[in-house]
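What follows is calculated from the coordinates using simple rules that are stated; it is not laboratory data. Every value quoted in this text rests on a predicted model; they were computed, and no experiment measured them. Quick reminder, even Gly has a Cβ in these numbers, built from the backbone with ideal geometry, and neighbours come from all protein chains shown.
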Amino acid sequence: MKYSILYKNKKDVLNPSIVSGIGKRANVLMNYLEGNSLLSGVYDYSEIDQINTDSLVISFMIDDDEIFEKLESKGLKVCNSYCSGHDKPTKWLYTSENIKLRFLSKAVKDLCEGFYDESNSFICHHGFSNSEYKVLDNPKKYFLWCASLGWGLDAKGLNSFITMAQYNPDFEFIAYGGRWNSSDLEKKLISAQSRIKNFKIKFDLSDEEKDEVFSKAIAFCQFSLLKEAGNVLTIESLLRETPVLTLDVDNGSVKEYLGDMEIKLTNYRLTSDILDQVESVRSKLKSYNRYKNKFSCKSEIRIIQKNFNE
């Protein structure tokens, strides 16, 4: 079985930008398939007629009825990945015998209840390549926050992270905010950095820096207030054996992905109990990191195959 990747603009798969989370995941999957001689090709919507009908198409966020009609007319089997979340859809999500809807988590599948055909849908997480991450053994120095600044102060919990720094002056807090039309917010964060001595703001975190940055973190603070569809940074932290702190909120896939590794804060103080939980989770991740198999590209493809009876 060969696979084709379909994306609205294939250049976002071939050369994804630092802020293109879904494009990056499609790029990793493409490289995995190519490395295992499973890739038929990468196509954008204008090239549907060129897709090999013997391949299984993996697409991302198609919501255009005209595109679905083209795919149906060719008789293509399509796994359409629903990568949105946060809010309920506003219209019916297309499925058919040949076109199935893939959700990245049970949380987003439940969120979309009533807007899709259950018989033509399934859950399949993002997959990661072993080459994407390394586990480094560095001294733990700070608490870490990462997200795009395009979300503002609240949605991804940056404000909560800054508040946590103020409550815990004996610890260092470092935030990496991806620049995204955020010049006014950047100025506010630089001002906060000057007032709060244990808080530092840094900006775009490259893929090449992630291993080092996560390896030095006491914990990654996943403070999103959104119902996350398939939060990538949560998985990345676990794969690097970095414990994850969350707030006591409905954060969708974050809680689902963490399972019994979740460390939930009920207030902003880092008590001895919280710090003990952090070290306990770190030990568990080192001794048996089940996430490395669960969130692999191999597992991703296996689940997709199973749901298409391939």
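Some observations on this one:
- Sequence-distant contacts, meaning Cα pairs under 8 Å at least 6 residues apart, place the relative contact order of the range 235-290 at 44 percent.
- Which listed pairs, of K70/K91; K264/K286; K156/K187; K11/K227; K134/K286; K141/K210, have C-alpha distances above 22 Å, in listed order: K11/K227
- Charge dipole of the range 1-80 about the Cα centre (unit charges at C-beta), most positive-ward option of I67, Y7, G35: G35
- Sorted by Cβ density within 10 Å, fewest first, the residues T234, T246, T53: T53, T246, T234
- Taking a straight Cα-Cα cut-off under 13 Å and skipping sequence neighbours fewer than 8 places away in the same chain, the aspartates and glutamates within cross-link reach of K109 are D87, D117, E118, E228, E256.
- Peptide ranges 143-154, 186-197 listed from the most packed, as the mean C-beta count within 10 angstrom indicates: 143-154, 186-197
- Charge dipole (debye, nearest 20) of the range 1-64; +1 at Cβ of Lys and Arg, -1 at Cβ of Asp and Glu: 280 debye
- Fewest-first ranking of Y291, Y176, Y45, using other Cβ atoms within 10 Å as the exposure measure: Y45, Y176, Y291
- Y268-S191 pseudo-label distance in nm [points 7 Å out on the Cα-to-Cβ vector]: 1.7 nm
- Think of the range 11-100 as a dipole: +1 on every Lys or Arg Cβ, -1 on every Asp or Glu Cβ, centred on the Cα centre; then among T95, N52, I22, I22 lies furthest on the positive end.
- Other-chain or far-sequence residues with amide H under 5 Å of S59's (modelled H): L6, C79, N80, S81
- Considering helices alone, the calculated mean residue ellipticity of the chain at 222 nm is -10500 deg cm²/dmol, with DSSP H runs of length four and up weighted by -39500 (n - 2.57) and normalised per residue.
- Within the chain, the whole DSSP H helices whose Cα atoms reach 18 Å or more along their own axis and whose mean Kyte-Doolittle score is at least -1.0 are 21-35, 183-195, 272-287.
- Over all distinct Cα-Cα pairs of the range 1-81, the Kirkwood formula returns a hydrodynamic radius of 12.6 Å.
- In whole angstrom, the range 131-290 maps to an equivalent ellipsoid with semi-axes of 23, 17, 16, each derived as √(5λ) from the alpha carbon gyration tensor and ordered largest first.
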